Every structure is written in C-alpha cells, then in structure tokens.
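Undergrad: Got a structure for you, questions after.
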Amino acid sequence: MMRMRLVCSDEDESSARRWIVVADADQDAANLLAGYLLYQRFRAYPTGRGSEALRVARVHPLSLAVIDVQLADMAGRELFQRLRAIDPALPVIMTTADFGAATEMDARRLGIIQYVQKPFDFRRLELVARRIHTMRSRLAAGVTEG
Amino acid sequence: MERARVLVADDDADIRELLSDALTQWGYDVIAVGSGREAVARITRELFDAALVDIWMPGVDGLQLLDEIKRHNAAIDVVMMTGDPMVSTAVQALKSGAYDYLVKPLNLDELRHLMRRVLEKRFLTREVSTLRTKLGEHLAEKELVGASPQMARVKELVARVAESDSPVLVEGESGTGKELVASAIHRRSARAKRPLVPVNCGAIPAELMESEFFGHVKGAFTGAVADALGLFRSANGGTLFLDEVAELPQALQAKLLRVLEAKEIRPVGTTKTLAVDVRIIAATNKDLEEAIKSGSFRQDLYYRLNVVRIALPPLRERKAEIPALVTHFLRQLNERFCRDVRGIAPDALAALQAYDFPGNVRELENIFERAYALGAHHEITLADLPDLASTGMPAAPATGESLPTLDQAERDLIAASLRRYGKDKEKAARALGLTVRTFYRRLKKFGLS
Ligand SMILES: Nc1ncnc2c1ncn2[C@@H]1O[C@H](COP(=O)(O)OP(=O)(O)OP(=O)(O)O)[C@@H](O)[C@H]1O
C-alpha cells in the first residue's frame, strides 16, 4: 500500500515543482547540463530549440532558464525576452562559447543572473541553481508568514 | 457548471480507488480503468480533459497509452505516474507530450495542485502567454503611475536625481516599483544611451560574486576559459542597478565600497586595476539601518549608496492610487488582448480597496490580470476576484466552483483572435497556439464562424 500525505497545503509554486530549461543549439551540451542537474535532483529539461523551451514554459512554471546565446531556431536573447514576457521574474543564466565583449555586454543588459563561458563549470551552474531555489523557498515562506 | 473529466489508468486497484476518491472529492468526474487497453477504448468513445496514467502497466504500457491519447486528442493533458524516479523515462514522457509526471508514492497536495493547474489554467495560461509573447515586445515603456501626494513626491525626486549623477538608494517593500523607478531615472539621465545593467544581488552565490561583478581573466579559476568583463565593465558609461543590495555578503560589500571610492575595479586573476565609470542605483526591501545595527551591512557602504534616497510607500498606504493603477492595467490588458473590457464594478473595486496587498503593486497587477483573463465580461466583477471576495486573502488560486467558465474565457479569446486576424483563420489559430483543426472545432462549438 502506498504512503500518502493527506494534509493539503497551498504552496503551489514551490520550487521543487518548477522546471529548469536548458536551451542550447548544441543539443549535446544541453543534454549534458540537464543530465547533471537532474542527477542533482533538479527537474531539468534540455532542448536545442527556443520554440520548445517556450512550449515548456507555457505549461510549467520555471525556476530558472539556462540559455545559450545561440539556439537552433532563434537567438538566445530572443528566447530570453519571450520567456520574460511569460514570467517577468524568471532568473536566467546566459551561456556562450563566444567570448566577445559585445556578446557579454548584450547579455548582461538583459538582466541575467549569471554569465557562463563554455565548456561549463558544472559546479558553478549548480551553485546558481541552488541559490535560486533557496531564494524562492525563502520567499514562499515569507509570503505565508506575512 | 460542467465538471472536468479525468481518466485514471493504473493496474493497482488501491491507487485507482484512492485517486477516484480524492479527485471526486476535489470536484472532478473520474473514470478509473485498470489497463492501457481499457483506457484506449475509453478515450476513443468519450471525452476527457485530462488523464493520469501509470507508466508501468502490463499490456499497453503508459508510454504507449500516452501516444494513443495524444494521437486521438492532443488537447488532453496527460500526467504520468511513475514508481521509480527514472529521469530518462520521465523526460521521454515529456518529450512525447506528457504534461508532467508524478513520482510514487504520490503526494496528494502535489496532485491536487497539479490537477488544478492542468484544468483551470491549462487553456488560459497557454493562450494568454502566447498572446503576451506576441504582443509583449510592442508594449510601451513602463510608466510610473500614481497621483497620490506620496507618488508625486517620488516622481519629482526621480526627475531631480536623473539630472545629477549621484548614487540613489530606492527603498520599498517587494513589488512597490523599485525597479521601475531605477529605469525611469536611467532613461531620463545623461546616461540613457548607455546600458542599464540590472543585477539581483540575492541571486548570485557568494562564491561567484567577485567574478560576476569585476570580471576575470582567462585561467583565473576552473571555468574561466576566457576573459570576462563582469557587471561593472558591462555597465561602463551607464547605470548598474543593484537590486536586493542587502543580500551582498560582507566580503563583497568591502570590495564594492572600494570600487565606488576609487572608481576602478580589479578583475579576478590579475593585479591590474581598470577605471570604470558607472552610476549606482541600489534597491532594498529590507531596512538597511536595521541591517547595520545587526552587523550584516556596512555603514560606510550605506553612506556611499544612500546619497539620494527614494522611499516607495507600500500600496496599502496609498490606496487612493488603486483606481488609477487599475485603469492603467486595464488599458494595457485591453491593448494586449484586443479586448474591450470597459471597467471594474464598484463592488469589485471596493474589494480591491479593502485588501492589504502584502505583495503591493505587483500583487495588484497579478490579481487584476487573473480577473481579467478569467472574467471575460464587459467589466471586471466581484465574481472575477474570488479570492478577495470570499476570504479577503488571495492566498490560493480559486477552486473550480467560484470561477466563470473556461468556455466563456476561451470563447472570448477566440473571438479576440478572430477580430485581430480577420479572415485569416490560420493566423488566428496560430496566435492562440491551436491547430487549425482545433480552431475550427472551437469556432463551431461557440457558433463563431
Ligand atoms: N507606480 C506604478 N505604476 C505602474 N506600474 C507599477 C507601479 N509600481 C509598480 N508597478 C508594476 O508592479 C510590478 C512590480 O514592480 P517592480 O518590479 O518595479 O517592483 P520592485 O519593488 O522592484 O519589486 P522587488 O522588490 O520584488 O524586485 C511591475 O510589473 C511594475 O510595472
């Protein structure tokens, strides 16, 4: 027989149920990072296409998006803007293998929370993901207290 | 009101019973079957809104069933249940079009929220965000609304500090418009043509702060595969907006202070310093003076940041602002959704004004947006604010009973899309993220063609 909790709370948007999308034209890079995050017990979804990331974002609240500056079907900044139109508070990490100063400045103007050069330092990304999740649970706790 | 129909497919009789009981209690119509084959038979004969499917079933298994369901009617949202949290199966299910998955042992809270989200907001969120995405880019610069004496003072200060180049500290509870004020100052300042770089200090792990702020040179640490500018140099000539500045760890506070005094930074991994010209606007929803007393914020940094201080009062202290804000949001929403909701009923406005808004303007915006999306009338009524109307607290999303029907909202969105795209049904369908076939079906259903 299954164990079930019968008490119901209203913490709908708890970070545990939120998704992290990882979008990168380099599908292998996306898979690798998402796999790593899944292994760390985050709910991660890899994709090479911005349109697919948007589809996910439309049905699932996201906790974080990791976006490469170049996707298979659009630029990373376009996905950023479209994801922010869905959730104006969504934290975004921008990744790139293009190390130009202009690329970085463009990305930072968007209001990202981290700029990461490839190949990834996974631990760095994981730290950011953890930070976001703690922040959100603290926020959720604050709201219920308030 | 029509109840949502949910198909449960699981070979475990205990689970079927449990799910039937729970879902029935939450107001859904439930059909529970014990095999994939029965489930397939059901979906070809009957209409369902959602399905809860066990991944491991003898015969037709969950993933096959998922394919069958999606082939039959892609609009049915399928939630997979899995006994082992095998990531690959779960991702495979999602890639094949499942809405989400639940790991057994099931957590009923989770299930309840998930079902609520699937069924109540399914249509709306999807279409609303499609439209929002489509039209969002054309939205005008966000405007600072408000004519109360407090807000008049804020606007005056904004205009005044925009002309100067001094640091600004914006204080106010969450959602009071601090970021809006920062961007208004930047846009009106001499730096307007240069970048405004926003950063949420609370979101950066302490270990990574230094390189985020000051950049690094290649090889400074693992992962530093090339030089990076960091926030300061990216904002050079412009404005750096430090949101949630109280979250800065002590070590970085000290470094930041030095940067503000010397106007130069030192990237991680080098001894060379570089000059930067950046205006700082900081924001906080915490009381920094308290933080100084408790020792978590440096007093000297506080003095550096707090040259001009703009305090945004919480919305509950300027409730007179609510009608103007509501009108503002209404105008934006009408524009965004090509609808013509004319106003808000007096009792609905009264309910808004009686509420405290711990989440301030952002919460008002959210509540109002939700009412707008669900309402689909000529005006927003009290019934569109179920949370406020019933308990005075908008904590939980409303339950099915108290809402206007999804049909109505759906009809409205479809009508709006038709109005916008005229004869081009394909475009109208696409704007809503629907297939042309589904679109035509809906047109017929609502008698809109
Ligand atoms: N005076 C106002 N007029 C119009 N819109 C407003 C006003 N104040 C706030 N808003 C809207 O409310 C939302 C929250 O504003 P903003 O992000 O500036 O708040 P904040 O104080 O920075 O919040 P946080 O502390 O949570 O970051 C935004 O969508 C903003 O457009």
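Any read-out appearing in this document is the output of simple, stated calculations on the displayed coordinates, not a laboratory observation. Fair warning: this is a prediction, and the values are worked out from it, not measured in the lab. No Cβ is skipped: glycine too gets one built from the backbone with ideal geometry, and neighbour counts run over all protein chains shown.
Undergrad: Using +1 on the beta carbon of Lys and Arg, -1 on that of Asp and Glu, and nothing else charged, what's the dipole of the stretch B:143-311 about the Cα centre, debye to 20?
TA: Working: 22 positive and 21 negative charges, 120 e Å.
With Lys and Arg at +1 and Asp and Glu at -1, about 580 debye.
Undergrad: Oh, and also: For a paramagnetic label modelled at 7 Å from the Cα of residue B:225 toward its Cβ, which residues of the stretch A:78-112 fall within the zone defined by backbone nitrogen distances under 12 Å?
TA: A:95-99
Undergrad: Still on this model: Tell me the label-point distance for the pair residue A:81, residue B:25, using the 7 Å Cα-to-Cβ offset, in nm and rounded to one decimal.
TA: Inter-label distance under the simple model: 4.9 nm.
Undergrad: Just report the Cα centroid separation between the stretch A:76-135 and the stretch B:266-333, whole Å.
TA: What the calculation gives is 22 Å, centre to centre.
Undergrad: Hey, another quick one. Counting partner chain Cβ atoms within 10 Å of every residue's Cβ in A:60-69, what's the average?
TA: On the way: counts 5, 2, 0, 0, 1, 0, 0, 0, 0, 0.
Going residue by residue through A:60-69 and averaging, the value is 1.
Undergrad: Here is a follow-up. Can you give me the orientation-averaged projected area of the convex hull built on the Cα atoms of the stretch A:13-141, in nm²?
TA: Numbers: hull surface 27.4 nm².
Averaged projected area of the stretch A:13-141's Cα convex hull equals 6.8 nm².
Undergrad: If you count, for every residue in A:102-115, the Cβ atoms of partner chains within 10 Å of its Cβ, what is the mean? Intermediate values should be presented prior to the final figure.
TA: On the way: counts 1, 1, 9, 8, 2, 2, 13, 8, 2, 8, 7, 10, 7, 8.
What the average comes to for A:102-115 is 6.
Undergrad: Taking the Cα centre of the stretch B:189-293 as the origin and placing charges on Cβ (Lys, Arg +1; Asp, Glu -1), which of B:208, B:239, B:284 is farthest toward the positive end of the dipole?
TA: Result: B:239.
Undergrad: Considering only C-alpha atoms, what is the centroid distance from the stretch B:5-29 to the stretch B:156-201, in Å?
TA: Computed from Cα coordinates, the inter-centre distance equals 53 Å.
Undergrad: Roughly speaking, what is the stretch gain from residue B:103 to residue B:347, that is 0.36 nm per residue apart minus the C-alpha to C-alpha distance, in nm to one decimal? Working shown, then result.
TA: Details: separation 244, 0.36 × 244 = 87.84 nm, distance 4.39 nm.
My answer for the length gained is 83.4 nm.
Undergrad: Here's a follow-up. Under 15 Å from the Cβ of residue B:388, count the other residues' Cβ atoms, weight Lys and Arg +1, Asp and Glu -1, and hand me the total.
TA: Details: positive: B:316, B:319, B:370; negative: B:347, B:356, B:363, B:365, B:369, B:384, B:387.
Combined, the nearby Lys, Arg, Asp and Glu give -4.
Undergrad: Compute the length gained on full extension between residue B:319 and residue B:164: take 0.36 nm times their separation in residues and subtract their Cα-Cα distance, giving the result in nm to one decimal. Please list the in-between numbers first.
TA: Values: separation 155, 0.36 × 155 = 55.80 nm, distance 3.13 nm.
Gain on extension, residue B:319 to residue B:164, equals 52.7 nm.
Undergrad: From the mean inverse distance of alpha carbon pairs (Kirkwood) and the Cα radius of gyration, derive Rg over Rh for the stretch B:143-311.
TA: Numbers: Rg = 16.2 Å, Rh = 16.5 Å.
A ratio of 0.98.
Undergrad: Work out how much length residue B:153 to residue B:300 would gain on full extension: take 0.36 nm times their residue separation and subtract the Cα-Cα distance, in nm to one decimal.
TA: Full extension of this stretch gives 50.2 nm more.
Undergrad: Find the Cα radius of gyration of the stretch B:140-236, compare it with 2.2 N^0.38 Å by division, and give the number to two decimals.
TA: 1.35
Undergrad: In addition: Calculate the spin-label point distance for residue B:264 paired with residue B:71, positioning each point 7 Å from the Cα along the beta-carbon direction, and give it in nanometres.
TA: Taking the two extended label points, one gets 7.1 nm.
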